[in-house]
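Everything on this sheet refers to the single structure shown next.
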Amino acid sequence: MSSSEVGKEGVRGERPGREAQIGKGLRGRGRRGGRRGGRGEKAMVPEAEFTSYYGRPILKPPVWKSFDVAGYFFLGGLAGAGSVLAAGAQLTGRPAAARALKISSLAAICGSTAALVHDLGRPERFYNMLRVMKPTSPMSVGSWLLAAYGPAAGAAAALEVTGLFPRLGRAATAGAAVLGPAVAAYTAVLAADTAVPAWHEAHRELPFVFVGSAAAAAAGMALVAAPVRENAPMRTAAVLGAGLELAAAKVLERRAGPAAEPYKRGRGGAYMRAGEILSAAGTAGCVLLGGRSRAAAALSGAALLASSACTRFGVFHAGVQSAEDPKYTVVPQRERLAGRDAASAS
C-alpha cells in the first residue's frame with residue numbers, strides 16, 4: 001500500500017522517485033538478463049507491422065485501361081519527338097525523312113487523342129476539359145497542349161503531302177516542333193501528379209524517361225521509313241534518346257526507394273526489362289549496320305519503337321502494382337517522417 005494521500009491541499013506523504021514520468025516507462029520493473037531491477041523496461045511487444053483494413057489497398061488502383069493509357073503515353077511521345085526530328089530533317093535537306101516524320105506524327109497524335117477519348121468514355125469529356133484553363137492542372141494544360149499541337153501537326157503533314165502553301169507548311173512544321181517536347185513530356189507530369197506511389201515518387205526522373213523514350217521511338221520511325229542516305233542524324237538521335245531513357249530509369253530505381261520495386265518485379269518489371277533488351281538491340285543495330293543496310297535500319301527502328309512501347313506499358317503496370325500494395329504507400333511515408341524527426345532532433 002502506498003502511504004501517499006491526495007487531498008485538497010495536494011499530495012501528502014509522497015515518496016521521492018515515485019512520480020510518473022512521461023516517456024520513461026516503468027522504473028524498476030524491467031528485466032535485464034532475466035532479473036528484475038533493471039533501469040528501464042525492455043520492450044516485450046514487437047513493433048507493429050502495417051496492415052490495411054481487411055487487407056484492402058489504401059489507394060484505389062487506377063481504373064484506366066492499359067491499352068488506352070499506355071498507348072496514349074506512347075503515341076503522344078512518338079508524335080511530339082517526331083515533329084522535332086521532322087523540322088530538323090527539313091532544315092538539313094532530308095525531304096524523305098521529314099515527310100515520313102510529319103505523316104507519322106499526325107497519325108500518332110490522332111491515335112493518342114483517340115485513346116484518351118476512349119478512356120474518358122464520352123468524347124464530350126475532352127471538350128469539357130477545354131472549357132477552363134488551369135495552369136496548376138497537368139490535365140488541363142495537357143488538353144490545351146493537344147488542342148494547339150494537333151492542328152499544327154495536321155497542317156504540316158497535309159501541306160507536305162499536297163505541296164500547297166510551302167511557307168505556311170514550314171511555319172506549321174516549326175510550330176509543331178516548338179510544341180513537340182512538351183507533348184512528349186507532359187504525360188509523365190500528368191502521371192506523377194497522382195497519388196500512385198510508383199509514379200509520384202519518380203516525379204523527378206519520369207519526364208526524362210518519357211522524353212528519352214520518345215526520341216528513340218521517333219528516330220526508330222525515321223529509320224523504318226527514310227532511306228539510308230538520310231538517316232545519319234536519326235541514328236544519332238536514337239543513341240542519345242536510348243541513353244537518356246536508360247540513365248533516367250536507373251536513377252529512378254535508385255532514388256525512388258521502395259516505390260521503385262514495381263519497375264523491377266511483376267508485369268511492370270517484365271515490360272521494363274523487355275524495353276531495355278529491345279533498346280539495346282535497336283541501338284546496336286542502327287549504329288553498326290543502320291548506315292549501310294536498309295533492312296538493318298528498318299529492323300533497328302522497329303526494335304526502338306517496340307522498346308518505347310514496352311517502357312510505357314511498364315510504367316503503367318508498375319503504377320497499378322504500387323497502388324494495389326499498401327506498403328508502397330506507407331513505407332515511404334514512414335521514411336519521410338523518420339527523416340523529419342531526425343532532422344528536428346539534430
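The table that follows gives values for the structure above.
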read-out	value
Distance between modelled label sites at Arg336 and Ala148, nm, 7 Å Cα→Cβ extension	3.1
Only Lys, Arg (+1) and Asp, Glu (-1) charged, at Cβ; the stretch 234-293 dipole about Cα centre in debye	60
Asp193/Arg229 FRET efficiency (R0 45 Å; Cβ-Cβ; nearest 0.05)	0.55
FRET efficiency for Phe126 and Ala174, using Cβ-Cβ distance with R0 set to 30 Å, rounded to 0.05	0.70
Cβ-defined net charge surrounding Tyr328, 10 Å radius [Lys, Arg +1; Asp, Glu -1]	-3
If the convex hull is drawn through the Cα atoms of the stretch 111-200, its volume per residue in Å³	116
Kirkwood-based shape ratio for the stretch 66-322, expressed as Rg/Rh from alpha carbons	0.98
Accessible area of the stretch 225-346 belonging to carbon and sulfur atoms, whole % at 1.4 Å probe	63
For the stretch 71-127, convex hull of alpha carbons as volume per residue, Å³	62
Principal semi-axes in Å for the stretch 128-260 [√(5λ), Cα gyration tensor, largest first]	30, 23, 8
Cα-only radius of gyration and Dmax that characterise the stretch 268-346, units Å	20.3, 65
Among 310-323, 185-198, the order from most to least packed when residues are scored by Cβ within 10 Å on average	310-323, 185-198
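The values are calculated or read from the model by the stated rules, or taken from the named source; none is laboratory data. Values in this document were obtained by computation on a predicted structure and should not be read as measured data. In this analysis, Cβ positions are derived from the backbone assuming ideal geometry, glycine residues included, and neighbour counts consider all displayed protein chains. Areas reflect the complete protein model, heavy atoms only, side chains present, ligands, DNA and RNA absent. Shrake-Rupley method; radii C 1.70, N 1.55, O 1.52, S 1.80 Å.
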